Amino acid sequence: MIIKKLLIVLLAIICVSSTANAEVRLPQLFQSGMIMQRGKPIPVWGWAEKGEQVTITFQKKTYTTTADDQGRWRIDLPKMKAGGPYVLVVKGERSEAKEITDILIGDVWLLSGQSNIDVTIERVYPQYVNEIDQFNIDHVRLFRVQNETSTHGVKDDIRQTNINWKPLTKQNAWLFSAVGSFLGKHLFEKNKVPQGIIVNSWGGTPIEAWISADSLQKDYPMLVKRVTLYQNDNYVKAQMQANSAASRQWNEMLNKEDRVEAYAASSCQDDDWLTINQDNWSLRHTGSVWLRQHININKVHAGKPARLLLGTLYDQDVTYLNGQQIGSTGYQYPPRRYDIPEGLLKEGDNVIAIRFINKNGAVHFIPQKPYMLCFGDDRLSQNPMPKDVIPLGKEWKMHIGAVMPPCPSGDVSLQNLPTTLYNAVLHPLAPYAISGVVWYQGESNTGNPAPYADYLKKLMGSWRDRWQDQQMPFCIVQLANYDGRQQTGMPRPIAYQAEPVNSGWAQLREAQRTAAKADPYAELAVINDLGETVDIHPLRKKEVAERIALCFDRLVYNNKKVKLSPEVIDVKVTGDNIQLTLDQPIQEGDLYTFEVADTNHVFHNVPMAKGMGNVITLLNFAFTPTAVRYAWKDDPKEANVRSLTGLPMSSFELKLKE
């Protein structure tokens, strides 16, 4: 009898414990402050115990379903108008209720790609100081997907994230996507409905990483096979640990051999150091290199807080002023903007010391960037530049710090393998209801642009399949103008790309153009005038966001009156002239960067091109033309075909009819 009672008590404890541990789970996207999509059914899904009944209460209505054999459940809420805030309550029959508050109904956008999506508000702040200082829009909410990879197939959910549907403020947006922040602000101010911005990007990644295995398997089976080589977790872990250990050891050796305190000190005697000019200096060196510059500060500026602009440097730097470290940057791309505290600058001689640290390539300054000391209340701005500045000199004293062997690398870079990002951070987001997708990527594929148009078609197809929405809108952001060869630090002729070249960047832009044109639910945002010759991460992200918004005006809001970039709709060859008819009038005048191919498919510059109305006439070539190109360069700075509203025409290559 006693044993029987004990068994009953034990069974009761087990049942209570089981009930207490039972939990209805929601995906990471479902958190307080979230934006849910207006005008479409709203899927709400998650996990519970097999067979458990799940109830949702939203806007005084109740919806019920049962978890399937895998413990999955889903309820689709009906279409709703913009509004809020609302509360969503989810409860399992054997678990406590979960309450999600402050929900707004509006438009949700998914922004994906590589580092130009990643570029933060902090990076572009000097371009838009006044506007960013005023960021304070509760109805624009920001969500950042945390980076993760998977070589073992698709995942159910993303990692817990740090930015959880936070409202658009300067503080919340500081390390968030600049394109995403400006897009949300622009669309809210235009449409007056809440805007949800989901950013899901990873710098340096190729498009293949974002495509599903099913989409690649038929035409690119070898890409899928590549991933299987990295399915051994022990191997991957060992490689990553080895890389980390090697890097740590390399840095320890460097710091031991380098005379950091001596070379950084203002008292360091650098008279016998080699004098170099930053405009034409480049040094292939592994280890550390020191550069020092003396700058005289007058009584007016002495002791004042300032900002040191050191352009952009290759690769890593630690920078000192009068022996005190004022900043450091761990890789080549970020602008060097180092704040100098009050009292550090003294009247008379001051010394800036830069410790370059380099593991590969050539140490150098990036040209065409600002190198100066900025003073005054406007010292944080670069648009316009501060009124009170002291330019740095071009000459520096240079001395080798430590000479090091190449640093061993065992980094496996899983994020660059095909399918790994689709598996880990794209697949889990569906079927969250969204308005459209921004795809801003391509820089990492310029070395092999030939398959890109097909890759892009497969990416859009696989994402639409995942959302079960074959009309999901895509805005493809075309590559900006840029020339990485200018980053070598060595001087080049201004017109070095004046003759026709088969530019990899132009080929990839063409793949983006043709893929967007072939897709009835895609548009192209042309930004070949918003780039920077020497910076793969141009700062004019607000203007990029405005052009994305124009694409969505047509795609999502069905505003057919909106004109995007001019497009060629007809070509006629008449004698020694070619007439290109466009879909809209353009700004009239002389036009540049057109090329025409002869019968051997050799391209030649067009001597003269004129624009009038919606017609461009190419004149004065003495051969039978077979193709025409426009802006077919990495950095087509002279390209000047623009719509009447100022939008640039995309680069293109068109074959002519025989």
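With respect to the conditions (1) in contact with a helix residue (DSSP H, G or I) (Cβ under 6 Å, 6 or more places away or on another chain); (2) in a loop (DSSP other than H, G, I, E, B); (3) among the hydrophobic types (A, V, I, L, M, F, W, C), V438 lacks only one, and its number is (2). Scanning the range 102-118 for residues that are out of contact with any Pro (no Cβ under 7 Å at 6 or more places or on another chain) and either of a type in the set (F, W, Y) or open to solvent by 10 Å² or more (accessible area, probe 1.4 Å) (or both) turns up W109, S115, D118.
Give D590, D598 a once-over and let me know the one that is in contact with a His (Cβ under 9 Å, 6 or more places away or on another chain) and without any contact (Cβ under 8 Å) to a residue 60 or more places away in the chain. None of the other options fit; the residue is D598. In the set E131, E148, E189, only one residue is in a helix (DSSP H, G or I) and touching a residue at least 60 places away in the same chain (Cβ under 8 Å); that residue is E131. Is there a residue in the range 219-232 that is under 28 Å from V477 (Cα atoms) and touching a Phe, Trp or Tyr at 6+ places or on another chain (Cβ under 7 Å)? Checked the range 219-232: no residue is under 28 Å from V477 (Cα atoms) and touching a Phe, Trp or Tyr at 6+ places or on another chain (Cβ under 7 Å).
The residue list R25, R72 contains one member that is closer than 14 Å to E99 by Cα and open to solvent by 70 Å² or more (accessible area, probe 1.4 Å), which is R25.
The set of residues from the range 566-591 being over 14 Å from M608 (Cβ atoms), touching a Leu at 6+ places or on another chain (Cβ under 8 Å) and assigned to a loop (DSSP other than H, G, I, E, B) comprises P566, E567, Q584, P585, Q587.
When L426, L417 are checked against the criterion of being closer than 30 Å to R466 by Cβ, touching a strand residue (DSSP E or B) at 6+ places or on another chain (Cβ under 8 Å) and touching a residue at least 24 places away in the same chain (Cβ under 8 Å), L426 stands alone in meeting it.
Only one of the listed residues (P334, P367) is modelled with pLDDT under 95 and out of contact with any strand residue (DSSP E or B) (no Cβ under 9 Å at 6 or more places or on another chain). That residue is P367.
Restricting to the range 618-639, and then to whatever is in contact with a Pro (Cβ under 8 Å, 6 or more places away or on another chain) and not small (G, A, S), can you tell me which residue is surrounded by the most Cβ atoms within 10 Å (Cβ to Cβ)? Spell out the reasoning first.
Step one: of the range 618-639, the residues in contact with a Pro (Cβ under 8 Å, 6 or more places away or on another chain) are 619-621, 629, 632, 639.
Checking which are not small (G, A, S) leaves us with 619-621, 629, 632.
Numbers: L619: 14, N620: 10, F621: 19, R629: 23, W632: 25.
Filtering first and then ranking leaves W632.
Taking the range 583-617 as the search range and keeping residues that are over 12 Å from V501 (Cα atoms) and of a type in the set (D, E, K, R), which one is least open to solvent (accessible area, probe 1.4 Å)? The qualifying residue least open to solvent (accessible area, probe 1.4 Å) is D598.
The values are calculated or read from the model by the stated rules, or taken from the named source; none is laboratory data. Predicted model, so just to flag it, every value in this text is computed and none were measured. So basically every Cβ, Gly included, is an ideal-geometry build from the backbone, and we count neighbours across all protein chains shown. Calculation scope for accessible area: heavy atoms of the full protein, side chains included, ligands and nucleic acids excluded. Shrake-Rupley method; radii C 1.70, N 1.55, O 1.52, S 1.80 Å.
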